[in-house]
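What follows is a set of notes on a single structure, which appears directly below.
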Amino acid sequence: MLRVAIQSKGRLNEESTALFQEIGISVDDSKRKFLSQSANFPLEVLYMRDDDIPQVVASGTASLGIVGLNEVEEKGVDVEIVERLGFGGCRISLAIPKAEEYDGPQYFNGKRIATSYPNILRKYLAENGIDAKIEIITGSVEIAPAAGIADAIFDIVSSGGTLVSNGLKEVEKVFWSEAVLIAGPGLTDEDRKLLEEIQFRLDSVKVSRGKKYLLMNLPQASVEEAVKILPAMRSPTVMPLAAEGWCSMHSVVDEADLWDKIRQLKAIGAEGILVLNVDKIIP
Ligand code: PRT
Ligand code: ZN
């Protein structure tokens with residue numbers, strides 16, 4: 001039985017449970033439970049505070065964990081980063097009151113910086129030869145300058161809205177984070193096998209993200225040009241249609257290129273274009 005620690009509530013909880021659903025592993029999203037077993041995969045979920053997840057995985061209490069890379073880095077524990085999961089994206093930045101003039105990292109010499117990430121900050125300060133005082137605060141770091149507790153903050157930023165509404169400006173982006181799947185050092189052979197199955201499924205979900213399935217009717221004469229427009233995994237699928245001189249072409253495209261491709265395909269005579277969502281891609 002593989003035990004996976006995920007956040008019990010907070011920003012990563014919903015997407016962590018949704019990710020399991022996406023790869024066909026049913027898990028309970030009840031926030032009142034501490035431990036719950038999947039009904040269709042030999043896996044149990046341990047719900048806890050994100051701060052505790054790196055340690056729980058490093059010690060082997062759980063084999064795997066889903067947590068922000070920022071927490072893993074801050075705790076400095078010995079765990080393997082198995083996969084970046086593509087959600088919970090954020091950065092940890094230095095921010096100062098917006099009226100302050102900023103002339104580079106040396107600004108922070110002699111300043112007091114409030115943060116919940118003292119280890120990541122200490123490393124940054126050492127690397128940049130800055131001598132500053134770190135004030136450790138566990139919540140509402142953004143109010144520290146206005147409250148006179150610190151001159152600056154080192155905190156998580158995503159949209160930047162919290163900084164703006166507290167009269168602060170972001171001056172150095174130090175650490176980039178997203179949710180990651182981590183594994184502890186003591187995985188058994190059976191755990192490894194289950195982890196491989198999870199990774200296989202995750203990869204198929206990842207590959208399908210941002211992809212669309214295109215179907216269209218195309219004059220037979222345009223097939224060669226359409227193949228150049230649509231470089232699918234191997235090559236697009238072409239099927240004959242009952243109507244003479246026409247075929248049906250299917251392909252997978254990146255959503256980012258979708259409208260550009262559609263314009264090019266219409267220009268060579270494509271008609272009846274259907275755009276469908278892609279659930280999974282098994283390469
Ligand atoms: O209770 P528990 O300890 O489990 O949760 P928590 O309160 O410590 O963490 P939580 O749920 O707030 O965040 C969990 C993880 O989500 C973090 O460790 C990050 O990896 C990731 N994450 C992504 C974020 C954000 N985006 C984020 N915006 N974590 C926090 N924030 C906060 C930030 O602290 C600041 O207060 O949101 C504010 C900034 O947001 P913007 O959009 O205004 O810039
Ligand atoms: Zn936390």
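The values are calculated or read from the model by the stated rules, or taken from the named source; none is laboratory data. All of these numbers come straight from a predicted model, not from anything done at the bench. Virtual Cβ from ideal backbone geometry, glycine too; neighbours counted across all protein chains shown. Note: areas computed on protein heavy atoms with side chains; ligands, DNA, RNA excluded. Shrake-Rupley method; radii C 1.70, N 1.55, O 1.52, S 1.80 Å.
I'm trying to understand the selection: among the residues of the range 189-215, which are open to solvent by 70 Å² or more (accessible area, probe 1.4 Å) and more than 30 Å from Gly272 (Cβ to Cβ)?
Selection gives Asp189, Glu190, Arg192, Lys193, Glu196, Phe200, Lys206.
Hey, which of the strands (runs of 3 or more DSSP E) in the range 236-283, taking only ones fully inside, have at least 3 residues that are in contact (Cβ under 8 Å) with a residue 12 or more places away in the chain and either outside the structural domain of Arg201 (by TED's automatic domain parsing) or closer than 15 Å to Gln220 by Cβ (or both)?
The strands (runs of 3 or more DSSP E) meeting that bar are 246-254, 271-277.
Suppose we filter Asp50, Asp78 for residues that are under 25 Å from Thr138 (Cα atoms), away from ligand 2 (no atom under 16 Å from the Cβ), among the charged types (D, E, K, R) and not assigned by TED's automatic domain parsing to the domain that holds Gly148; which single one remains?
After applying the criteria, what remains is Asp78.
Are there any pairs, at least 6 apart or on different chains, whose C-beta atoms fall under 8 Å, with the first in the range 160-179 and farther than 28 Å from Leu85 by Cβ and the second open to solvent by less than 30 Å² (accessible area, probe 1.4 Å) and near ligand 1 (Cβ under 8 Å from one of its atoms), and if so, which?
Correct list of pairs: Lys169/Leu163.
When the range 82-126 is examined, which residues are found to be in a loop (DSSP other than H, G, I, E, B) and under 19 Å from Gly148 (Cβ atoms)?
Selection gives Lys98, Ala99, Glu100, Gly110, Lys111, Ser116.
May I ask you to list pairs of residues, at least six apart or on different chains, whose Cβ atoms are under 7 Å apart, with the first in the range 101-126 being touching a residue at least 24 places away in the same chain (Cβ under 8 Å) and within 20 Å of Asp51 (Cβ to Cβ) and the second being buried (at least 20 other Cβ atoms within 10 Å of the Cβ) and among the polar types (S, T, N, Q)?
These pairs meet every condition: Tyr117/Asn70; Leu121/Thr115.
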